[in-house]
Amino acid sequence: MKNKIIKAGIMVAVFAGVLLPVGCKKDYTDPNRATDEQVFSSPKGLTGVVTGLQRVYTLGRASNLYNQITINGLTTNELIVVNTGNTAEVQLAAGGTNVDGNHSMLTTYWTNLNKVIYDADKAIESAKTLSDKNFASGLIAYASIFKALSIGGLSEFWEKVPAGIGVSVTFIDRVDGYKKAITTIDEALAAISANAISAAFTSSVPAGIDIINTLHALKARYSLFAGLYPQALAEANLVDLTKKSTFNFDALSLNPLYEVATSTNNVVQPKDSTLGLPVPLQPSLTDGRVPFYTSINASIAPRFRIKGFGEFASTAFPIYLPGEMILIKAEAYARASTPDLVNGTAELNKVVTKNNDIYGVNANQPPAAPATIAALLDEIYRQRCIELFMSGLKLEDMRRFARPTTERKRNLMPYPLRERDNNPNTPPDPPF
């Protein structure tokens, strides 16, 4: 990941000078620190801000990326805890009332999701005032990706989500949260349509993210989650499945799954070759995605280890997979007002038989032949669980496909006590 902007000291200003709460009214000026006005009024300063969004979202054990994958994986039986000294992970694996408002991982995840939304909002509004509208549209779109991802994360794990950022904010239903993420994406796409992203912006941010394809992919994802099936289908069709869009890592900015889990074998690992699925839905022993996502250690427990997108320190992590977009199309056909078994099955089998995936996620299985819409939906769920293993999306799928609650450790998460103690509008915790 490029670090030239951060090394210039801009992000120190942003995170130390802008976002931390002020404890008193006195103003002590640091002559070596960029002012809030300087940071948020220039293309260079705002580029540092949006680059900082990616760092908060992707790097380290406190990152949104690591927490989403791990919280989801332990809750849905994709992952197991290796060391019982990891209390937060053990609580998630136990589930139920073992997970409460004091849970450290959930508190960190909630806080950082809201932090990214706050930072993104400020960057987006500031970018609108720049004279270089082509550079500004890049800033708006880039920040909107992380804002949408963060609203989506809140909506996946909590029953209601904050309507905004601030003191005593109100809450909206989680489905409305997905719609709010879609609105964010629509505004970004409108900005790009009015003023194409400049090459100057693209060269100033970390390589890896295909901005336009990512916006359409996230809109397809959240439209599906919100039950907006025609829109989900239309957006998935706009994604170029030959192009990658990834969070990139290197020797200084490590892949968080590798850094925390793979390299240590001390936190979490995949459950086994079933990928946490019950007997009727388990992948075939010949399914190529099992050895893609897992490896075997024949001598040291646990036997199954993280591979896939957490294999090495520099392994890039895809923001979405081609297979996700294809399965969105399949599901949109299946859930249409007039269900379409033929087209739904055709899209499904593009994933089932896939052998040329750009990331190497290839099932190489014989085509499926579901006889009914119900059977098609069962197979779509199965394929999503295998294709999108350790993507952080399975808990949402389990609810949408009405899987038995016995297959997961919680349905929705309790609100952090930090939020409840400071916001009287915090909703009651869900019972499970």
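The values are calculated or read from the model by the stated rules, or taken from the named source; none is laboratory data. Everything quoted here is computed from the prediction, not taken from an experiment. Heads up, the Cβs are rebuilt from the backbone with ideal geometry, glycines too, and the neighbour counts pull from every protein chain shown.
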TODO: Within region 370-411, count every residue that is in contact with a Phe, Trp or Tyr (Cβ under 8 Å, 6 or more places away or on another chain) and among the polar types (S, T, N, Q).
DONE: 2
TODO: Working only within region 351-370, note down all residues that are within 25 Å of the chain's Cα centre (by Cα) and either among the aliphatic types (A, V, I, L, M) or surrounded by fewer than 17 Cβ atoms within 10 Å (Cβ to Cβ) (or both).
DONE: 351, 352, 356, 358, 359, 360, 361, 363
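Mind listing whichever residues of region 149-160 are out of contact with any strand residue (DSSP E or B) (no Cβ under 6 Å at 6 or more places or on another chain) and within 21 Å of residue 410 (Cβ to Cβ)? Walk me through it before giving the result.
From region 149-160, those out of contact with any strand residue (DSSP E or B) (no Cβ under 6 Å at 6 or more places or on another chain) are 149-153, 156-159; that's our starting set.
Residues satisfying the conditions are 150, 151, 152, 153, 156, 157, 158, 159.
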TODO: Confirm whether residue 334 is surrounded by 15 or more Cβ atoms within 10 Å (Cβ to Cβ) and not charged (D, E, K, R).
DONE: yes
Task: Unique match (being touching a residue at least 40 places away in the same chain (Cβ under 8 Å), closer than 26 Å to residue 153 by Cα and in a loop (DSSP other than H, G, I, E, B)) among 315, 286 - done: 315
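Results for (1) in contact with a Phe, Trp or Tyr (Cβ under 6 Å, 6 or more places away or on another chain); (2) among the aromatic types (Phe, Trp, Tyr), shown as yes or no for each residue.
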residue: 250; (1), (2): no, no
residue: 270; (1), (2): yes, no
residue: 276; (1), (2): no, no
residue: 283; (1), (2): no, no
residue: 292; (1), (2): no, yes
residue: 295; (1), (2): no, no
Task: Lone unmet requirement of (1) surrounded by fewer than 22 Cβ atoms within 10 Å (Cβ to Cβ); (2) closer than 26 Å to residue 396 by Cα for residue 224 - done: (1)
Open item on the list: Of all residues being under 18 Å from residue 90 (Cα atoms) and free of Cβ contacts under 8 Å to residues at least 60 places away in the same chain in region 262-283, which is surrounded by the fewest Cβ atoms within 10 Å (Cβ to Cβ)? Just the residue, please.
Closed with: 264
- [ ] Go over the candidates 160, 128 one by one and state the one that is in contact with a helix residue (DSSP H, G or I) (Cβ under 7 Å, 6 or more places away or on another chain), free of Cβ contacts under 8 Å to residues at least 40 places away in the same chain and either surrounded by 14 or more Cβ atoms within 10 Å (Cβ to Cβ) or not polar (S, T, N, Q) (or both).
- [x] 128
TODO: Just name the residue that is farthest from residue 333 (Cα to Cα) out of those in region 357-389 that are in contact with a Ser or Thr (Cβ under 8 Å, 6 or more places away or on another chain) and without any contact (Cβ under 8 Å) to a residue 24 or more places away in the chain.
DONE: 366
Task: Sole residue being out of contact with any Cys (no Cβ under 6 Å at 6 or more places or on another chain), without any contact (Cβ under 8 Å) to a residue 60 or more places away in the chain, of a type in the set (Ser, Thr, Tyr) and under 23 Å from residue 321 (Cα atoms), chosen from 202, 183, 214 - done: 183
Task: Residue count for region 63-108, restricted to those that are of a type in the set (A, V, I, L, M, F, W, C), out of contact with any Pro (no Cβ under 9 Å at 6 or more places or on another chain) and part of a loop (DSSP other than H, G, I, E, B) - done: 0
Open item on the list: Can you find, within region 88-105, the residue that is nearest to residue 405 (Cα to Cα) among those that are buried (at least 16 other Cβ atoms within 10 Å of the Cβ) and either more than 21 Å from the chain's Cα centre (by Cα) or of a type in the set (A, V, I, L, M, F, W, C) (or both)?
Closed with: 95
Open item on the list: Is it the case, given these coordinates, that residue 243 is surrounded by fewer than 16 Cβ atoms within 10 Å (Cβ to Cβ) and not aromatic (Phe, Trp, Tyr)?
Closed with: yes
Open item on the list: List the residue pairs whose Cβ atoms are under 6 Å apart, where the first residue sits in region 416-427 and is under 14 Å from residue 107 (Cβ atoms) and crowded, with 16+ Cβ neighbours inside 10 Å, the second is basic (Lys, Arg) and at pLDDT below 95, and the two are 6 or more positions apart or on different chains.
Closed with: none
